[in-house]
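The values are calculated or read from the model by the stated rules, or taken from the named source; none is laboratory data. Keep in mind that this is a model prediction, so the values were computed, not measured. Positions of Cβ are generated from backbone atoms using ideal geometry, with glycine treated the same way; all protein chains shown enter the neighbour counts. Accessible surface areas use protein heavy atoms only, side chains included; no ligands, DNA or RNA. Shrake-Rupley method; radii C 1.70, N 1.55, O 1.52, S 1.80 Å.
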Amino acid sequence: MKTGGAPPPASAPGIRAAEALGKKLKKIGLHSAADLLLHLPLRYEDETRLTTVADALTGAPAQLELTVLSSEIQFRPRRQLLVRAADESGEISLRFFSFYPSQQAMLVEGAKIRVFGEARDGFSGPEMVHPRWRKIAADAPLPRALTPVYPTTAGVSQSSLQKLIGTALQEAELPDTLPDAWRQRLKLPGFARSLRFLHAPPPEADGDALEARRHPAWRRIKFDEILAQQLSLRRAWLARRQQGAPPLAASGDLAARLVASLPFGLTGAQARAIAEISGDLAQPYPMQRLLQGDVGAGKTIVAALAACQAIDAGWQAAFMAPTEILAEQHYLKLSAWLEPLGVRVAWLTGGLKSKKKREQRAAVAADAQLIVGTHALIQEGVDFARLGLIIVDEQHRFGVAQRLALRQKGDNPHQLMMSATPIPRTLAMSYYADLDVTVLDELPPGRTPIKTRLVAERRRADVVGFVKRQIDEGRQAYWVCPLIEESEALQLQTAEETFARLAADLPGLRIGLAHGRLKSADKQAVMAAFAAAELDLLVATTVIEVGVDVPNASLMVIEHAERFGLAQLHQLRGRVGRGRYASSCVLIYAGPLGPVARQRLKIIFEESDGFEIARQDLRLRGPGEFVGARQSGVPLLRYADLEADADLVEQARSVAEAMLTEHPAQAAAHLSRWLGWREELLKS
Ligand code: ADP
Ligand code: MG
């Protein structure tokens, strides 16, 4: 631990104690003096004023200056040190249930102490239980600032943290990393001033604004924190730009022929997305673009057109999806689109028989032009002949390492990531600032809005009747089984029971069951049968959550909807409403509902816009789960709040861009101040 303070005493126990303290501090992320400086208080206590015993019974914490009258250990009702003390206005009892003999020895008759705590009306007059106290010399001055209360960990006391941070503050120079003119334009106070203020605000400071982190000093610190994140991501973006990639000129006509063969025209949003992507692909550095679009927005065709450009330029495109079902569906759709145009499409999943797998791998290494698959694409032994573009569908389902592995199958291929989990704008700016983002903000025409209903468990029979009527009309339906996160075995059992029960309730219907434990060939057979309308009802676990596209399915039933997360519910609901039929989603819930589950159901019932749902989800859960595996590579925010501080995110983003080019030294200083030892971790 480098505190910059005086060295610890050179005795062995002293060093050991310092080392032990250092270890504990590291546990809360405090590795250096710089870290200590940025370790900010949770709240404050006002020790700048004294109250008298007579005025102490206010229910609020008070500070008293007392003379000890007596102290003794009592055993009833339990062992405690009872200290009687007084000021001119009266007497008070202080009770300590845990104490050291050394402390007892200090609390002797005549000792002057200052105590801080909440007084209450006890058995024998006013008393305080476990007040903070310390012995003082006569006329010891009162502190002139509020006392900070820091986040800490077991074994690190407030007073030692206060001392360490106080020393670090005294010794630090705290130069401002933000150029002065910019700081003034942003109307932010100086860094040093803000930091010193937050560690030791004057007693008259606006306590509410401080606690709510709305004070200008807090805004400055939060801005700096976001700026560090933006700088780090922006730098990663620039670094990748330095790498070379094959420019894939949009010269050929494959894309045009594909568009001409489609039974639909592209939406404006799709056309814009393709134009952006096409421009990126023609550059001599790798594209790193995220294509976002709500479920059903039509991302697949955009990806296919990007693949066309790569193929026309003589390169291979790889298309990776997170599940076998989805990969298969993409394979079927993409080969139906592209094989008639003469494109050689290969197909690689873990489920392939070994002979077939060998054949496909040979094609990948030779003349396949588009390769569709699952994680099988990134396995060893899969060698691409000329990989120029990688497309990752449902990218948030993959870890950083997996995406990296796919990238390494080529020599800096262009990358197109796709996500149907809409991410609120501030979150996207914050966590994906190293990517370029394209949003498909328009659904293909002719979709009928999905009607969502909430139905209590006891009315399950009505739902079954509704399913029957839909199917009688020629539609198909999904029935999603209750989610059991704790146990896969139980999940399977529940799925089988649900299937059996529905088969009994709905005789004569063709019902299939799809769950994660099925062999992949069986799962695919079930999905294919459903897609071909050979099944009326598909009972399934969340394996159908992402991407599955069967336009004739018009009803989605979700049992125990209260157990699902918002993003999951939205994804599941998005499986219907894909054709020209009026669609509905029935959410069966079982009470009693907890407050969060109730909130979630209310949101999914009222909202159909994925971005709005995501925004509310962010409010409900915080950003962690949105960014999933990505999180590890992005500096997290400790102080700023993406919702509340959205304006700061916007500002920091543009400042970061300018700072890296116009003030690189200050940008570097800023990064090392905020990221310090973490910077190494983030470079991966
Ligand atoms: P997602 O963005 O969820 O991946 P898909 O690419 O699966 O969406 O598209 C959903 C459905 O919409 C598919 O059946 C697709 O063929 C169809 N589709 C895509 N674009 C259009 C369009 N411009 N007009 C009509 N239908 C479209
Ligand atoms: Mg999709």
Percent RCO, i.e. relative contact order, over the stretch 450-607, from Cα pairs under 8 Å lying at least 6 residues apart: 33
Just the ratio, please: alpha-carbon radius of gyration of the chain over 2.2 N^0.38 Å, N its number of residues. 1.22
Ala365-Asp411 FRET efficiency (beta carbon distance; Förster radius 22 Å; 0.05 resolution): 0.90
Computed lengthening from Ala533 to Phe97, 0.36 nm per intervening residue step minus Cα-Cα distance: 149.7 nm
Tell me, what is the percent relative contact order of the chain, built from C-alpha pairs under 8 Å that lie six or more residues apart? 13
In nm, to one decimal, how far is the Lys27 label point from the Ala503 one, both placed 7 Å along Cα→Cβ? 5.4
Report in % the part of the accessible area of the stretch 150-292 that belongs to carbon and sulfur, leaving out ligands and nucleic acids; probe 1.4 Å. 54
Which aspartates and glutamates does Lys187 reach when only Cα atoms under 18 Å apart count, and residues fewer than 8 places away in its own chain are ignored? Asp176, Asp224, Glu225, Asp645, Asp647, Glu650
Please give me the summed charge of the neighbours of Met429: other residues whose Cβ is under 13 Å from its Cβ, Lys and Arg +1, Asp and Glu -1. -4
Per residue, how much accessible area does the chain show when a 1.4 Å probe rolls over the protein heavy atoms, in square angstrom? 45
Would the stretch 50-141 count as rounded, prolate or oblate if I go by the C-alpha gyration tensor, calling it rounded below 1.5 in a/c and otherwise prolate when a/b exceeds b/c, oblate otherwise? oblate
Pair Ala401, Arg580: separation of 7 Å Cα→Cβ label points (nm): 4.9
State whether the stretch 127-172 is rounded, prolate or oblate according to the following rule on the C-alpha gyration tensor (a ≥ b ≥ c being the square roots of its eigenvalues): a/c under 1.5 gives rounded; otherwise a/b larger than b/c gives prolate, and the remaining case gives oblate. oblate
So for each of 475-481, 114-120, 310-316 I average, over its residues, the number of other beta carbons within 10 Å; can you give me the resulting order with the highest mean first? 475-481, 310-316, 114-120
Quick check: residue separation of Ala385 and Glu485 times 0.36 nm, minus the Cα distance between them. What number comes out in nm? 31.9 nm
Could you work out the relative contact order of the stretch 81-126? I mean the mean sequence separation of Cα pairs under 8 Å and 6+ apart, divided by the number of residues, in percent. 36
What FRET efficiency do you get for Glu211 and Phe611 if R0 is 25 Å and r is their Cβ-Cβ distance, rounded to the nearest 0.05? 0.20
So how far apart, in nm, are the two label points at Glu650 and Asp462 if each is 7 Å from Cα heading toward Cβ? 4.5
Please give the contour-minus-distance gain from Thr448 to Ala172: 0.36 nm per residue of separation, less the Cα-Cα distance, rounded to one decimal in nm. 93.1 nm
Here the FRET efficiency for Ala86 versus Gln184, based on Cβ atoms and R0 = 56 Å and rounded to 0.05, is 0.55
For the stretch 253-440, the Kirkwood Rh over every pair of distinct alpha carbons, in Å, works out to 16.5
Quick shape check on the stretch 470-589: root eigenvalues a ≥ b ≥ c of the Cα gyration tensor, a/c under 1.5 is rounded, otherwise prolate if a/b tops b/c, else oblate, and it reads rounded
